[in-house]
Amino acid sequence: MSTARQLDVALGQRGYPIWIGAGVLRDAARWRAAIRGRHVLVVSNTTVAPLYLDTVLAGLGGLHSAHLLLPDGEQHKSLARCGEVLEALAALKANRDACVIALGGGVIGDLAGFAAACWMRGIDFLQVPTTLLAQVDSSVGGKTGVNLPAGKNLVGAFHQPRAVVIDTDTLSTLPEREYRSGLAEVVKYGAIGDAAFFAWLEEHADALSARDGAAVAEAIARSCLHKAGVVARDEREDGERALLNFGHTFGHALETASGYGQLLHGEAVAIGMLLAARLSADLGRAPAADADRLERLLLRVGLPVALPPGSDAEALLSLMYLDKKNLSGQLRLILWRGLGAAEIVPDVADGAIRHRLREN
Ligand code: NAD
Ligand code: GLY
């Protein structure tokens, strides 16, 4: 067996392991044990499959398996493509003990996980995340879903995977911008709840930028540990889980305003986290020096911190009102009291947000 670190998401009967290690995907003896039946559908895309599909298929010998490759891109996280996954399960004659393997980034993980949630009212699935963002965030926690023309992630289900297989070697083929975008979510964990991890990230910023194997594996493990804890305490986002959206209300508005694909998700989140930190300081809730520290770390790992030129504060503010966290039409922002201490703030005045959007 390869040496892999194991973390556990403690959700009782629905709990599951997260294995993190270099080469863990080649160690089929480990992850195959999580497959209970004989039918397996591997879902991937045309970018990731040529790199890693053979390794997965090699581990499935003796089982009745098939694979479905979708085109690459967020626009394919759709109901239509989900229908294709369900048709592939039908063609496989998948029973209730069948398993879906999601091999790819967050797009494939969300889509294939949602198809697994729908087939026969829910079958097993394994997450095999191959982007840093998916390894530290989307593969853990059971949020699955697809987009509608009306908005991102509007259709979905909470459906936990049976296991998460994080092979850090897969990051070697990830484009630089995608890798740095994933680092924004890593920084987020330090920012919202773990000042010691934030300090560790400051110490290891150069190693992380250089994709040093040990530093990257440690950053992934600490991120997953944080997320697994939050999910175990608040699976359905009745409270604490909302803190994981630090920077995301601003970020989603920015992604929409600038057109999908202009800013990667993590880039928009980086700008959004700094806006949230500076707004917290504007409101007297947090020290401005902590926002400065956040800005320095984001810059060191190569992430943007300023709004794109020409950003329209009024348009961004109205987009923020479309956020899923809002209740009864009222904006709920995730702000902080300082490094490692995020909080939900339900009543921030529009004027203060407008001011911050114009200042950045
Ligand atoms: P992605 O899945 O589009 O992957 C980014 C790009 O990298 C794609 O072109 C992909 O083909 C490519 N790629 C993936 N792995 C690779 C590898 N190892 N080598 C080379 N190329 C590789 O994007 P993402 O950033 O991973 O995920 C974004 C999606 O995740 C969004 O749809 C977002 O809504 C979702 N998300 C979900 C959650 C959740 O909790 N479920 C959390 C955060 C984000
Ligand atoms: N990405 C936020 C969550 O999983 O809750």
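With contacts taken as Cα pairs under 8 Å at a separation of at least 6 residues, the range 201-265 carries a relative contact order of 14 percent. When the inverse distances between all different Cα atoms of the range 1-119 are averaged and flipped, the Kirkwood radius reads 15.0 angstrom. Summing Cβ point charges (Lys, Arg +1; Asp, Glu -1) relative to the Cα centre of the range 274-360 gives a dipole of roughly 240 debye. Over the Cα atoms of the chain, the radius of gyration divided by the Kirkwood radius equals 0.97; this is the Rg/Rh ratio. Sequence-ordered 3J(HN,Hα) estimates for the range 334-339 from the Karplus curve with 6.51, -1.76 and 1.60 and θ = phi - 60° stand at 9, 10, 9, 8, x, 3 Hz, glycine and proline given as x. On full extension, the segment bounded by residue 13 and residue 51 gains 10.3 nm, given 0.36 nm per residue less the C-alpha separation. Positive contributions from Lys and Arg (+1) and negative ones from Asp and Glu (-1), summed over other residues with Cβ under 10 Å from the Cβ of residue 171, come out at -2. Every Cα-Cα pair in the range 96-216 was counted, and those over 17 Å apart are 59% of them. For the pair residue 315 and residue 238, label points projected 7 Å from Cα toward Cβ lie 4.0 nm apart. When only Cα pairs below 8 angstrom with a gap of at least 6 residues are kept, the chain shows a relative contact order of 15 percent.
Hey, what number do you get for the chain at 222 nm if only DSSP H runs of n ≥ 4 count, each worth -39500 (n - 2.57), divided across all residues, to the nearest 500? So the helix-based figure for the chain works out to -13000 deg cm²/dmol. Summed over the residues of the chain and divided among them, the accessible surface reaches 40 Å² per residue at a probe radius of 1.4 Å. Shape analysis of the range 258-348 yields a ratio of the Cα radius of gyration to the Kirkwood radius, Rg/Rh, of 0.96.
Give me the percent relative contact order of the range 113-219, please, defined on Cα pairs under 8 angstrom at least 6 residues apart. Relative contact order, the range 113-219: 25 percent.
Note on the chain: with charges restricted to the Cβ of Lys and Arg (+1) and Asp and Glu (-1), its dipole about the Cα centre is near 860 debye. Here's the picture: charge each Lys and Arg Cβ at +1 and each Asp and Glu Cβ at -1 in the chain, and of 164, 47, 287 the one pushed furthest to the positive end of that dipole is 164. Straightening the chain between residue 344 and residue 32 buys 108.3 nm, computed as 0.36 nm per residue apart minus the Cα-Cα spacing. Centre-to-centre separation between the Cα atoms of the range 14-30 and those of the range 152-201: 17 Å.
Spacing of the modelled spin labels on residue 80 and residue 58, each 7 Å from Cα toward Cβ, amounts to 3.6 nm. In terms of its C-alpha gyration tensor, the range 117-168 has an oblate overall shape, because the principal axis ratio a/c (a ≥ b ≥ c, square roots of the eigenvalues) is not below 1.5 and a/b does not outweigh b/c.
The values are calculated or read from the model by the stated rules, or taken from the named source; none is laboratory data. Just so you know, these numbers come straight off a predicted model, no measurement behind them. Ideal geometry is used to build each Cβ from the backbone, glycine not excepted, and the neighbour counts take in all protein chains shown. For the accessible areas, the whole protein counts, side chains as well, though only heavy atoms, and no ligand, DNA or RNA atoms are used. Shrake-Rupley method; radii C 1.70, N 1.55, O 1.52, S 1.80 Å.
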